[in-house]
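The values are calculated or read from the model by the stated rules, or taken from the named source; none is laboratory data. All values reported here derive from a predicted model rather than from experimental measurement. Reconstructed Cβ throughout: ideal geometry from the backbone, glycine too, with neighbour counts over all protein chains shown. With ligands, DNA and RNA removed, areas are computed over all heavy atoms of the protein, side chains included. Shrake-Rupley method; radii C 1.70, N 1.55, O 1.52, S 1.80 Å.
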Amino acid sequence: MITQRNEHTLELCFTDIFKRHEYKLYTLALTLTKSDQYAKDIVQEVFLKLWEHRSHIHAITNMDAWLYRLTENKVIDFLRKTAADKRLRDALWTNMQHMMNETEDIVSLREYSQIIEKAICHLPPQRKRIYRLSKEQGLNYCQIAHELNISRHTVKNQLFNAMRSVRNFLSRTAKLVSLFF
């Protein structure tokens, strides 16, 4: 049982230990953490731990080693936490970048699809129908010819011209966009 007199003696002993070791421990923590605030926090935690064990201060045979070891352990805990936080931040950043890239890809795909749709709208009606049957419904030349009751050769020529028109439209659009950006 700690009496009031013993408590006062322990406080004096603690204060003496604090005064003798605080700067050395701070310097060690600062060297390892490279942060004034974290070094101060670590030293505070070390002395808080000593205060919690003040009733056993006299049982500690080598106070320098005990405090040094406790400081090292607190620094290691800090570095592990920092590394884990950095890995978490890096993982979140990578995930955000990936999501942003996906979003940009989706937006680009939508814009590209809109431009292609505009190009298709500029095609003559028969050519537009042949293009859609081929590209959107996946029909081959024979199936399109049968569907529209025209020759396979006409389908082939119309599809070739439709593709050339779409490519030209895309090329003109890309040149216009590059002028603005």
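Overall shape: prolate for segment 1-69, with the ratio a/c of the largest to smallest alpha carbon gyration tensor axis at 1.5 or above and a/b above b/c. The GluC sites (Glu not before Pro) of segment 104-181 that DSSP puts in a loop, and whose beta carbon has at most 16 other beta carbons within 10 Å, are Glu136.
His53 contributes about 70 Å² of solvent-accessible surface, heavy atoms of the protein only, 1.4 Å probe. Taken as Cα centroids, segment 122-166 and segment 39-88 sit 78 Å apart, rounded to the nearest whole angstrom.
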